[in-house]
Amino acid sequence: MPADINNAFDVSIFFDDMATQEGSYLQPQKLQRLLFLAQAYYVVAFNRKLMPAVFVADEMGPVEPNIYLAFSKGRPDIDAEIFLPYEVQAFLENIWQRFGDYSIDRLNEITNETTAYKTAKERGNRAEIKLSEMKKAFKKAEKSPGVDQVVKPKIMRTQSGRAVHVQSWTPRKV
């Protein structure tokens, strides 16, 4: 399944920038949980992959090993995409608004109690958490908020002030 963002670093930098704007430090473990939640909710909401990332079931919870290693000693010095597509940026802002203030313990409760994580953990330490399992677990909203509580519809206003719902255009398949 193709991804809407080129790499997981762009999403990681986005979350780190959001934390910096609020005057806080984004711990690596919290970043991992936010990335996992973003990937899971994105596939439920849009039926597409947000980023080309592989999450594994680590002892401490879901981890994207490459991002974890890169951010383990602070923010890496990389050229990240600062202008994300509007739909993706709005989605990530919703994730941050919903989960950005959560403690690591609360995020662990949400992510580690999903069947996606538990099933991968049963297969062995550092086993891949399949995207289909993530989708299934978050669609059911087992221990997590429902997708409608996280992903807010895009509402814009006309010049007269009337609210209109906006969604990206998807061409018909022929």
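The values are calculated or read from the model by the stated rules, or taken from the named source; none is laboratory data. As the structure is a prediction and not an experimental result, all values here were calculated from the model. Here the Cβ is made from the backbone with ideal geometry for all residues, glycine too, and neighbour counts use every protein chain on show.
Can you tell me which residues in segment 1-27 are over 17 Å from residue 68 (Cβ atoms) and not charged (D, E, K, R)?
1, 2, 3, 5, 6, 18, 20, 21, 23, 24
Under 7 Å between Cβ atoms, which residue pairs at least 6 apart in sequence (or on different chains) link something in segment 128-152 that is under 19 Å from residue 3 (Cα atoms) with a partner that is of a type outside the set (A, V, I, L, M, F, W, C) and modelled with pLDDT under 80?
138/144
Could you say whether any residue in segment 90-109 is crowded, with 20+ Cβ neighbours inside 10 Å, at positive phi and touching a helix residue (DSSP H, G or I) at 6+ places or on another chain (Cβ under 9 Å)?
Checked against the condition, which is being crowded, with 20+ Cβ neighbours inside 10 Å, at positive phi and touching a helix residue (DSSP H, G or I) at 6+ places or on another chain (Cβ under 9 Å), segment 90-109 yields no hits at all.
Filter segment 25-60 for residues that are assigned to a strand (DSSP E or B), aliphatic (A, V, I, L, M) and in contact with a Phe, Trp or Tyr (Cβ under 8 Å, 6 or more places away or on another chain) and give the result.
57 - this is the single residue of segment 25-60 that is assigned to a strand (DSSP E or B), aliphatic (A, V, I, L, M) and in contact with a Phe, Trp or Tyr (Cβ under 8 Å, 6 or more places away or on another chain).
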